[in-house]
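These notes are about the structure you will find just below.
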Amino acid sequence: MPAPLKEEPILEATLRVMTERGYVGATTKLIAEEADIGEITLFRKFGTKDNLILEAMKREAAKLKEDVIYYTGDLKADITRFAYAYNALQQSRLKLMLTFAIEVMRHPELGGVIELPYQVMQAMCQVIERYQDEGQLKREEPFQQLTSLLGPILMFNILKTVKFQEMTQGVDVEAQVERFLNGCMLVDTHKT
């Protein structure tokens, strides 16, 4: 009796091939080769390439929501965790994120995939909104506040990826968290 098929290596192979080849170039044949399984097995398990890509992205979103996006009552710790996780995600998946941003405009069938990063951002916004309700953060549109935290990290990583010579170090996540808290907190309670 054959061993049960493990999804994790298949989904990881899907993301690798999608990163390197884009949506059209990420054929099921290439994904199957990368995952070291037969293409028929891929179709039996996932049905279509679109389902496979969607499952791979769902896994990524679920990991983030479970491991990173939760409320603890410690504003600085929560914001710092979001920033470090976002930076780490970009270190490992920036090229994929940029590929999806371009590909979703060309391929409307990827519309369901783009919903997943939005759901992750919404979960972060819910934590931010809770801190706003508690009076620890200024009351403003939560998504706007979140982008003021994560936007500079994204921009720094994009510039570093295109190899600006002046950028020899990684983003200073701690400094970005401090800038965010200094600009968004109602009371300066994060310094001890």
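The values are calculated or read from the model by the stated rules, or taken from the named source; none is laboratory data. What you see is a predicted model, and the numbers here were worked out from it, not measured in a lab. In this analysis, Cβ positions are derived from the backbone assuming ideal geometry, glycine residues included, and neighbour counts consider all displayed protein chains. We work out accessible area using only protein heavy atoms, side chains counted, and drop any ligands, DNA or RNA first. Shrake-Rupley method; radii C 1.70, N 1.55, O 1.52, S 1.80 Å.
Some notes on this structure:
- Scan of the stretch 71-92 for residues that are surrounded by fewer than 17 Cβ atoms within 10 Å (Cβ to Cβ) and at pLDDT below 95, ordered by number: 88, 91, 92
- Selection count where residues are touching a residue at least 40 places away in the same chain (Cβ under 8 Å) and closer than 29 Å to residue 73 by Cβ, scope the stretch 92-125: 6
- When residue 184 is tested against the conditions (1) more than 17 Å from residue 87 (Cβ to Cβ); (2) open to solvent by less than 20 Å² (accessible area, probe 1.4 Å); (3) modelled with pLDDT of 90 or more, the lone failure is (3).
- The stretch 151-168 residues that are more than 18 Å from residue 93 (Cβ to Cβ) and at pLDDT below 90, paired with ones that are open to solvent by 50 Å² or more (accessible area, probe 1.4 Å) and charged (D, E, K, R) (beta carbon under 7 Å, 6 or more apart): 167/160
Yes or no, residue by residue, for (1) assigned to a helix (DSSP H, G or I); (2) modelled with pLDDT of 90 or more; (3) within 29 Å of residue 81 (Cβ to Cβ):
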{"position": "1", "(1), (2), (3)": "no, no, no"}
{"position": "11", "(1), (2), (3)": "yes, yes, yes"}
{"position": "14", "(1), (2), (3)": "yes, yes, yes"}
{"position": "18", "(1), (2), (3)": "yes, no, yes"}
{"position": "34", "(1), (2), (3)": "yes, yes, no"}
{"position": "41", "(1), (2), (3)": "yes, yes, no"}
{"position": "45", "(1), (2), (3)": "yes, yes, no"}
{"position": "60", "(1), (2), (3)": "yes, no, yes"}
{"position": "65", "(1), (2), (3)": "yes, no, yes"}
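- For the stretch 47-70, a residue qualifies if it is without any contact (Cβ under 8 Å) to a residue 24 or more places away in the chain and surrounded by 15 or more Cβ atoms within 10 Å (Cβ to Cβ), and the qualifying residues are 49, 68.
- Count of residues meeting criterion [open to solvent by 70 Å² or more (accessible area, probe 1.4 Å), more than 12 Å from the chain's Cα centre (by Cα) and more than 26 Å from residue 141 (Cβ to Cβ)] in the stretch 93-127: 4
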